[in-house]
Each structure stands twice: as structure tokens, then as C-alpha cells.
Amino acid sequence: MKQQMVFASTDSHYATNLEAAPGEVYDPQFEDLVRQMLLRLGEDPEREGLKRTPLRVAKALDFLTGGYGRTVEEVLNDALFEEGCVDETCDEMVVVKDIEFYSMCEHHMLPFFGRAAIGYLPHGKIIGLSKIARVVDVFARRLQVQERLTNQVADALMEALNPLGLGVVMEASHLCMMMRGVQKQNSHTVTSAMRGTFRSVPRTRAEFMELMRR
């Protein structure tokens with residue numbers, strides 16, 4: 001009996017079902033590239049354990065780089081609310097910390113992952129808290145460097161919220177340092193981006209850093 005061929009659309013560049021269904025063909029060109037890579041590594045793509053690997057890798061990479069198919073505007077989706085004071089006396093800080101993120105180093109295409117802390121001083125607008133984490137994913141789910149990722153998140157939230165000040169701190173472990181190169185398994189990289197009063201007012205920045213560490 002001939003096996004049915006199942007094709008999955010990759011128009012959104014985001015695989016939602018990461019399993020390999022029997023007879024499924026997800027992205028023939030992508031899968032062929034993975035087969036060629038397996039051959040280059042000295043493997044046999046037809047052996048039992050690797051037969052579905054090209055499909056799984058294609059799906060996994062599309063999922064891990066799904067940020068290319070998303071925008072901040074789509075993610076926010078009217079989750080901005082009028083709230084709080086609108087003058088320069090605003091001093092009620094919003095801080096969301098321990099936001100997990102996963103990304104891939106653009107130099108070696110190896111993962112780096114960690115946690116982000118984001119704080120801002122509202123200036124007439126607030127954002128749904130879950131949306132802050134989703135904005136992080138928009139930029140993390142791409143080939144990245146941590147420095148750029150931190151700044152992109154800060155700039156996107158500044159544009160959306162127009163707060164008096166905003167800060168983003170990210171701490172991550174990079175497999176390109178842990179598995180290869182210097183092979184330092186306990187190393188961590190910390191990056192920060194400060195905007196508005198978080199940059200110009202030392203007391204505001206210090207309050208954010210203190211709240212972030214609690």
C-alpha cells in the first residue's frame with residue numbers, strides 16, 4: 001500500500017507541530033539540505049535512527065527562528081492600555097523579571113539561553129504583562145547576538161509605550177562558549193540597555209537594578 005504524502009505549509013516560517021507524522025513531507029528543499037549535512041558528517045541518512053531526522057530538524061529550526069515571521073505590532077494586538085500619570089512626576093515602576101528566553105548565536109547557530117528582566121516607568125500607557133515576554137520572543141527566536149537582542153527589545157518597548165524610562169537586562173549561557181572554543185561551562189554573559197530616565201537618572205537605574213535582584 002502506497003504511503004500517503006502529507007505536506008505542511010511553511011509560509012509562516014513557524015512550525016507548530018514538531019512531531020514527524022508518517023509519510024509527512026514538511027519542506028523538501030530544507031530536508032534535503034539536512035540530508036546533505038548528515039552525509040558530510042559521515043552519517044547514513046537512511047539508517048533507522050536518522051530517516052526522519054531531516055524533517056524533524058527542518059521543523060525544529062523553523063520553530064526556533066519563528067521570530068522572523070512575527071512583528072511586535074502583531075504580538076501586542078491592542079494590549080496597550082491608558083493608565084497612570086502623564087507628567088514627569090511618575091514614579092511607579094513596573095518590573096517583570098525571570099523571563100526565560102531561548103535564541104541561537106548567529107556565528108555558530110548554537111543555542112544561547114537565559115533570563116531577562118524588564119522595567120519601565122509608565123507615561124500614560126501600560127502593557128499586558130504577558131506581552132512583555134512575547135516581545136522578547138519576537139527577537140529571541142532569530143539568529144542573534146545577545147547585545148543586539150537586548151537593544152532590540154528595549155527599542156521596541158520604548159516605541160510601543162513611550163515611557164519615561166525603560167531598562168532591559170539579559171543574562172545568558174552560550175553553548176558556543178560551553179561546547180566549543182574556550183569550553184567554559186560556568187560562564188554567563190550579562191547585557192543591559194537603558195533608555196530615558198533609566199539612563200539619565202542614577203537613582204531610577206539603581207532602583208530598577210535592586211528590584212531586579214530581589
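The values are calculated or read from the model by the stated rules, or taken from the named source; none is laboratory data. Please read all numbers here as calculations on a predicted model, not as lab measurements. Ideal geometry is used to build each Cβ from the backbone, glycine not excepted, and the neighbour counts take in all protein chains shown.
Any chance the range 165-177 includes a residue that's in a loop (DSSP other than H, G, I, E, B) and out of contact with any strand residue (DSSP E or B) (no Cβ under 6 Å at 6 or more places or on another chain)? Looking for residues that are in a loop (DSSP other than H, G, I, E, B) and out of contact with any strand residue (DSSP E or B) (no Cβ under 6 Å at 6 or more places or on another chain), one finds none in the range 165-177, hence no.
Scanning the range 134-151 for residues that are surrounded by fewer than 21 Cβ atoms within 10 Å (Cβ to Cβ) and either over 18 Å from P111 (Cβ atoms) or at pLDDT below 95 (or both) yields R134, N151. Every listed requirement among (1) free of Cβ contacts under 8 Å to residues at least 24 places away in the same chain; (2) surrounded by 13 or more Cβ atoms within 10 Å (Cβ to Cβ) is met by G167 save one, (1). If you go through the range 40-63 and pick out every residue that is within 31 Å of the chain's Cα centre (by Cα) and assigned to a helix (DSSP H, G or I), you end up with 14. The listed residues are V201, V136, V182, and the only one of them that is without any contact (Cβ under 8 Å) to a residue 40 or more places away in the chain and in contact with a helix residue (DSSP H, G or I) (Cβ under 9 Å, 6 or more places away or on another chain) turns out to be V136. Residues in the range 102-119 that are among the aliphatic types (A, V, I, L, M) and more than 10 Å from the chain's Cα centre (by Cα) were compared, and the one that is surrounded by the fewest Cβ atoms within 10 Å (Cβ to Cβ) is M109.
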